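Reviewing the structure listed below.
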Amino acid sequence: MDSRLTFRSLVWVLSAVLLTTSCGPGDFPEDPRSEELIALDSALGSVDMHNLMSDTDIAGYQTVTPDQVQSFLASKGSFLAGYRDPAFGNKTAAALIVERATAYRINPVYILARIETESGLIRSGTSRNLSKATGCGCPDGSGCDAAYTGFGKQVECSAKTFRNYLRDLEAGHTTVSGWKAGVAKNTLDPCTVRPANNATAALYTYTPWVGAYAAQCGTSAWGGSSLVALLYREFRDSRSWGGACGVGGAILTRYNQLGGAGGVLGACTTSELTTPDGVGRYNHFQKGSIYWTPETGAWEVHGLIRARWESLGWETGVLGYPTTGELKTPDGVGRFNHFKKGAMLGSIYWTPETGAWEVHGLIHEKWAALDWERGVLGYPISGETATPDGVGRFNHFKKGTVLGSIYWTPTTGAWEVHGRIREKWAELGWERSTLGYPISDEYAVSTGRESEFQKGFLTFNAATGTVSVRMKQP
């Protein structure tokens, strides 16, 4: 694997660790509940520590409305019923909970349970703990990261972080702290837990304590993940949440073409909503989404391609809106969607071996000119990444066992390097070497193959199998 990809992955792992709310054995976080509430919660029963919540619970209730959350907060005498966040345009707490939860396909009722567990704000008439409402970016025993301080930021952080955990699990990986459905692991209580599903594994990643409310094991020192599950069950069953979701217009037409509720996307989980940029409309479904704009039309995105698009910022990210549904590649190996942002075209390509990666802009244009995945480079194995010197951009590719890349800078343009010549260039230090960036694709010469760089040439000799360096004269 390319060392740059390894470094990039390490940065994500370290960032994710900083967002978790874990603490060391014996360092119990402060319980924000009053003694009266603790006694009331103890009467609610217990939960199964191996199956705290279902996957449907954690991603469901996407038709919950701000009015329903507002009514719930008012019924609990919550300080949040009258709160508006100045950092988010004075939106109400209820609006922020629903907006940020549904943006990451997280159940707003779960967010309510998380807020109560971490800060007690749902059943309290005071603003105490407002800045650390969901405990996100707030390791137990220390203060909150300033980037996540404030109610709206806390809700955003919690929903986004939980979705990142689920994305890893849905891709078959462990979470950043090693949790995975079906795999036994010790909590900090300690208890040995084997999560029955992704939702439970993600809950223990967020809060690695069983706590006081599981039937099998735990610590009575504080609520832990079992309290989140217990409060979720109590809040969920306390009233009727959500309503029938509506699918209409061009989105409905595309949905029906895909088989409706019995097709690839499953049942709807949100009604039709306006995108944050105000240009498009979308519906989320159990297994994907359909996005529409007047220019692009209505197209579905699902599976790991959708997960990659989501990680890039949906339509507000570098790719913009989908311009195709998910399609099979001509070689039958992979799947892809095309996208468009302004005048710039992009794509996400996926195979079982390489995963899902985006290619866009002039690198995308060059790859298309080389005949996409059927060409000399094969499939992408990285997203577009900045070079260490900050000047250029690149994607890595793979065809069989042969690795390749496309490198771009504003002055040189986009060019491919692959095979033995790429191996030599990497050995010399990539674009930081004395050769600089490529300024040609690989081409034939009398002795084999050659690529030109800013300050020289790399030539592959077919007879000897060696690659030689030839510098340009000053």
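Selection over the stretch 403-433 of residues that are in contact with a strand residue (DSSP E or B) (Cβ under 6 Å, 6 or more places away or on another chain) and outside any helix (DSSP H, G or I) gives a count of 10.
Looking at Leu265, Leu312, Leu258, Leu345, which one is within 18 Å of the chain's Cα centre (by Cα), of a type outside the set (Val, Ile, Thr) and outside the structural domain of Leu166 (by TED's automatic domain parsing)? Don't jump to the end; show me each part of the working.
Numbers: Leu265 fails: within 18 Å of the chain's Cα centre (by Cα); Leu258 fails: within 18 Å of the chain's Cα centre (by Cα); Leu345 fails: within 18 Å of the chain's Cα centre (by Cα).
After applying the criteria, what remains is Leu312.
Flag: Gly278 does not match the condition of being in the same structural domain as Val109 (by TED's automatic domain parsing) and either modelled with pLDDT under 90 or surrounded by 14 or more Cβ atoms within 10 Å (Cβ to Cβ) (or both).
Table: residues versus (1) in contact (Cβ under 8 Å) with a residue 24 or more places away in the chain; (2) more than 22 Å from Ser226 (Cα to Cα); (3) of a type in the set (Phe, Trp, Tyr).
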position: Asn51; (1), (2), (3): yes, no, no
position: Ser54; (1), (2), (3): yes, no, no
position: Val69; (1), (2), (3): yes, yes, no
position: Lys76; (1), (2), (3): yes, no, no
position: Phe88; (1), (2), (3): yes, yes, yes
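Across the stretch 442-453, a minimum of one residue is classified as more than 28 Å from Ile305 (Cα to Cα), without any contact (Cβ under 8 Å) to a residue 40 or more places away in the chain, touching a Leu at 6+ places or on another chain (Cβ under 7 Å) and not charged (D, E, K, R).
Looking at the stretch 183-193, which of its residues are modelled with pLDDT of 95 or more and out of contact with any strand residue (DSSP E or B) (no Cβ under 8 Å at 6 or more places or on another chain)? Show your work before the answer.
In the first step, residues of the stretch 183-193 are kept if they are modelled with pLDDT of 95 or more; the result is 183-187, 191-193.
Correct list: Val183 only.
Scan the stretch 136-143 and give yes if some residue there is over 30 Å from Glu353 (Cα atoms) and free of Cβ contacts under 8 Å to residues at least 60 places away in the same chain, otherwise no. Yes. The residues on offer are Gly325, Gly320, and the sole one that is touching a strand residue (DSSP E or B) at 6+ places or on another chain (Cβ under 7 Å), at positive phi, outside the structural domain of Gln68 (by TED's automatic domain parsing) and modelled with pLDDT of 95 or more is Gly320. Using the structure shown, decide if Glu450 is at negative phi, assigned to a helix (DSSP H, G or I) and either among the charged types (D, E, K, R) or in contact with a Ser or Thr (Cβ under 6 Å, 6 or more places away or on another chain) (or both). Against the criterion (at negative phi, assigned to a helix (DSSP H, G or I) and either among the charged types (D, E, K, R) or in contact with a Ser or Thr (Cβ under 6 Å, 6 or more places away or on another chain) (or both)), Glu450 does not qualify.
Filter the stretch 348-381 for residues that are in contact with a Ser or Thr (Cβ under 9 Å, 6 or more places away or on another chain) and among the small types (Gly, Ala, Ser); which is farthest from Gly172 (Cα to Cα)? Once the filter is applied, the top-ranked residue is Ala368. Looking across the stretch 227-252 at every residue that is surrounded by fewer than 15 Cβ atoms within 10 Å (Cβ to Cβ) and not aliphatic (A, V, I, L, M), the one that is farthest from Ser75 (Cα to Cα) is identified as Gly249. The condition of being of a type in the set (Lys, Arg), crowded, with 20+ Cβ neighbours inside 10 Å and over 25 Å from the mean Cα position of the chain (by Cα) holds for only one of Lys366, Lys399, that being Lys366.
Let's see how each residue does on (1) touching a Gly at 6+ places or on another chain (Cβ under 8 Å); (2) crowded, with 21+ Cβ neighbours inside 10 Å:
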| residue | (1), (2) |
| --- | --- |
| Gly178 | no, no |
| Pro190 | no, no |
| Thr200 | no, yes |
| Leu203 | no, yes |
| Pro208 | no, yes |
| Ser225 | yes, yes |
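Of the residues making up the stretch 286-343, just one is in contact with a Ser or Thr (Cβ under 6 Å, 6 or more places away or on another chain), assigned to a loop (DSSP other than H, G, I, E, B) and among the aliphatic types (A, V, I, L, M), namely Val333. Inside the stretch 238-262, can you point out the residues that are more than 27 Å from Val69 (Cβ to Cβ) and among the β-branched types (Val, Ile, Thr)? Residue satisfying the conditions is Thr253 alone.
The lone criterion from (1) farther than 17 Å from Thr274 by Cα; (2) buried (at least 22 other Cβ atoms within 10 Å of the Cβ); (3) at pLDDT 95 or above left unmet by Trp309 is number (3). Screening the candidates Ser127, Ser131 for the property of being among the hydroxyl-bearing types (Ser, Thr, Tyr) and not in a loop (DSSP other than H, G, I, E, B) yields one hit, Ser131. For Thr205, the conditions (1) at pLDDT 95 or above; (2) in a loop (DSSP other than H, G, I, E, B); (3) of a type outside the set (A, V, I, L, M) are fulfilled apart from (2). Checking the stretch 243-253 against the condition returns no match, with no residue being under 26 Å from the mean Cα position of the chain (by Cα), on the phi > 0 side of the Ramachandran plot and outside any helix (DSSP H, G or I).
The values are calculated or read from the model by the stated rules, or taken from the named source; none is laboratory data. Please read all numbers here as calculations on a predicted model, not as lab measurements. Ideal geometry is used to build each Cβ from the backbone, glycine not excepted, and the neighbour counts take in all protein chains shown.
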